[in-house]
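Peer 1: Take a look at the following structure, please.
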Amino acid sequence: MEQWRNKARKERQCKAITLNRDVATLRAALSKAVDWGIIDEHPIKGVKRLKETDSEPKIRYLSQEEESRLWAALDARDELIRSQRDSANAWRRERGHEELRDLRTVTFVDHLRPIIMTALHTGLRRGELFGLEWRDVDFRKKNLTVRPANAKSGNQRIVSLNADILNCLLAWKAQSGESDLVFPGPRGQRLDNIDTSWRKILTDAKIAEFRFHDLRHTFCSRLVQKGVPLTVVRELAGHSDFKLTLRYSHLTEQNKADAVALL
């Protein structure tokens with residue numbers, strides 16, 4: 001294990017934090033193997049964690065200009081898809097075939113826009129979004145619940161929904177069918193990725209070096225910039241370790257300066 005780890009650091013420039021996470025996953029699996037009697041003893045029990053001397057990764061979040069370009073690219077994409085559907089239905093109508101759903105009568109052309117909106121307004125991780133069910137969304141109380149089975153941390157959390165995302169989810173629910181999942185795949189199955197459409201929309205919006213997970217960073221960053229206490233940000237984001245939330249603490253510096261200026 002130590003040889004593999006050293007090789008990974010040297011040849012693939014893997015960070016200590018990444019390798020520690022990989023070893024921890026394997027260690028947990030082997031612990032279960034011991035508990036279940038599959039093996040007699042833990043083979044990597046003595047492997048120590050690497051010292052995580054890597055500098056803190058830069059928090060990447062959308063600037064206001066980038067977000068404007070993102071929505072503009074989504075608008076253009078939606079109009080293209082609607083135009084293509086119009087042409088397809090015109091062809092069907094001429095030949096007496098049954099027409100497809102008129103996309104000009106619904107709010108969304110597909111799941112991409114509501115997924116992006118939900119990620120930006122709730123901070124849910126991608127896996128949490130894909131596993132979200134309508135029973136988790138309470139329109140009356142204006143919140144959603146991330147169940148332990150669907151949460152990376154294994155802990156339940158409740159996220160409040162603002163007016164924008166409430167309207168978004170209400171409109172999406174009205175048109176998305178009878179699936180239990182909020183964002184089902186094409187055949188009603190749980191989504192496993194939206195990589196192709198996500199990369200395409202980033203290219204169209206001219207947004208570089210931005211991952212889907214960075215929508216979550218955007219959610220947390222904007223809360224901090226609006227003066228929301230880090231303890232509340234931690235609860236909303238579902239961070240298992242407060243150190244994860246402290247990565248956004250530098251964004252409070254301007255808030256502190258503004259506060260002192262009031263004197």
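The values are calculated or read from the model by the stated rules, or taken from the named source; none is laboratory data. Treat the numbers as computed from the prediction; the structure is a model and nothing was measured. Neighbour counts are summed over all protein chains in view; Cβ atoms, including those assigned to glycine, are modelled from backbone coordinates with ideal geometry. SASA here: full protein model, heavy atoms, side chains in, ligands and nucleic acids out. Shrake-Rupley method; radii C 1.70, N 1.55, O 1.52, S 1.80 Å.
Peer 1: What order, most packed first, do the peptides 121-129, 15-23 have when packing is the mean number of other Cβ atoms within 10 Å of each residue? Can you show the working numbers first?
Peer 2: Details: 121-129: 21.9, 15-23: 15.9.
Output ranking for 121-129, 15-23: 121-129, 15-23.
Peer 1: Across bins of 10 angstrom width beginning at 0, how are the C-alpha pair distances of region 168-263 distributed, in whole percent?
Peer 2: Per 10 Å bin, starting at 0, the Cα pair percentages come out as 13, 27, 32, 21, 6, 1.
Peer 1: Of Lys45/Lys243; Lys10/Lys200; Lys58/Lys226, which ones are farther than 23 Å apart at the Cα?
Peer 2: On the way: Lys45/Lys243 26 Å; Lys10/Lys200 33 Å; Lys58/Lys226 20 Å.
Listed pairs above 23 Å: Lys45/Lys243; Lys10/Lys200.
Peer 1: Then there is this: Considering only Leu30, Leu170, Leu202, give the residue with the highest GNM mean-square fluctuation for the chain, with springs between Cα atoms whenever their separation is below 10 Å.
Peer 2: Leu30
Peer 1: Follow-up. Rounded to the nearest whole Å³, what is the per residue volume of the convex hull around the Cα atoms of region 46-117? Mind dumping the intermediate values first?
Peer 2: On the way: hull volume 12.3 nm³, N = 72.
Cα convex hull per residue, to the nearest whole number: 170 Å³.
Peer 1: Springs between alpha-carbon atoms under 10 Å, Gaussian network over the chain: tell me which of Ala88, Ala151, Ala29 tops the mean-square fluctuations.
Peer 2: Ala29
Peer 1: Which sequence of Met117, Met1 reflects their accessible areas, 1.4 Å probe, from the largest down?
Peer 2: Working: Met117 35, Met1 70 Å².
So, going from the largest accessible area down, we get Met1, Met117.
Peer 1: Give the range of the longest stretch in the chain that excludes all chymotrypsin sites (Phe, Trp or Tyr not before Pro) found in loop regions by DSSP and having at most 16 other beta-carbon atoms within 10 Å. Please list the in-between numbers first.
Peer 2: Details: sites that count: Trp36, Phe139.
Formally, the longest exposed-site-free interval is 140-263.
Peer 1: For every other residue with a beta carbon closer than 12 angstrom to the beta carbon of Val146, add +1 if it is Lys or Arg and -1 if Asp or Glu, then tell me the sum.
Peer 2: 0
Peer 1: Further, regarding this structure: Measure nothing fancy, just the Cα-based angle from helix 2-11's long axis to the longest principal axis of the chain, in degrees from 0 to 90, nearest 10.
Peer 2: Roughly 60 degrees between the two axes.
Peer 1: Ok, one more. Run a plain Debye calculation on region 1-150 (Cα atoms as equal point scatterers, no solvent) and give log10 I(q)/I(0) at q = 0.15 Å⁻¹, rounded to two decimals, same order as the q list.
Peer 2: At q = 0.15 Å⁻¹ the computed log10 ratios are -1.02.
Peer 1: Using the alpha carbons of region 100-215, what is the convex hull volume per residue in cubic angstrom, as a whole number?
Peer 2: Working: hull volume 14.1 nm³, N = 116.
Normalising the Cα hull of region 100-215 by residue number yields 121 Å³.
Peer 1: Treating the angle as unsigned and between 0 and 90°, give the value, to the nearest 10°, between the Cα long axis of helix 163-175 and the longest Cα principal axis of the chain.
Peer 2: 60
Peer 1: Which angle from 0 to 90°, rounded to the nearest 10, does the C-alpha axis of helix 16-35 make with the longest principal axis of the chain?
Peer 2: Helix 16-35 sits roughly 80 degrees off the main axis of the chain.
Peer 1: Now for a different question. Compute the convex hull volume of the Cα atoms of region 6-69, divide it by the residue count, and report the result per residue in Å³ as a whole number. Spell out each step's value before the answer.
Peer 2: On the way: hull volume 9.8 nm³, N = 64.
Enclosed volume per residue, from the Cα hull, is 154 Å³.
Peer 1: Averaged over every viewing direction, what's the projected area of the C-alpha convex hull for the chain? Give it in nm², one decimal, please. Numbers along the way, then the final one.
Peer 2: Working: hull surface 82.1 nm².
Hull-based average projected area comes out at 20.5 nm².
Peer 1: Enumerate the calculated ³J(HN,Hα) couplings along region 189-200 in order (Karplus 6.51 cos²θ - 1.76 cosθ + 1.60, θ = phi - 60°), each rounded to whole Hz, writing x wherever the residue is Gly or Pro.
Peer 2: Listing the rounded values in order: 7, 5, 5, 10, 5, 10, 4, 5, 5, 5, 5, 5 Hz.
Peer 1: Return one whole number: the accessible area per residue of the chain in Å², for a 1.4 Å probe. Numbers along the way, then the final one.
Peer 2: On the way: 16310 Å² over 263 residues.
Spelled out: the 1.4 Å probe surface of the chain, per residue, equals 62 Å².
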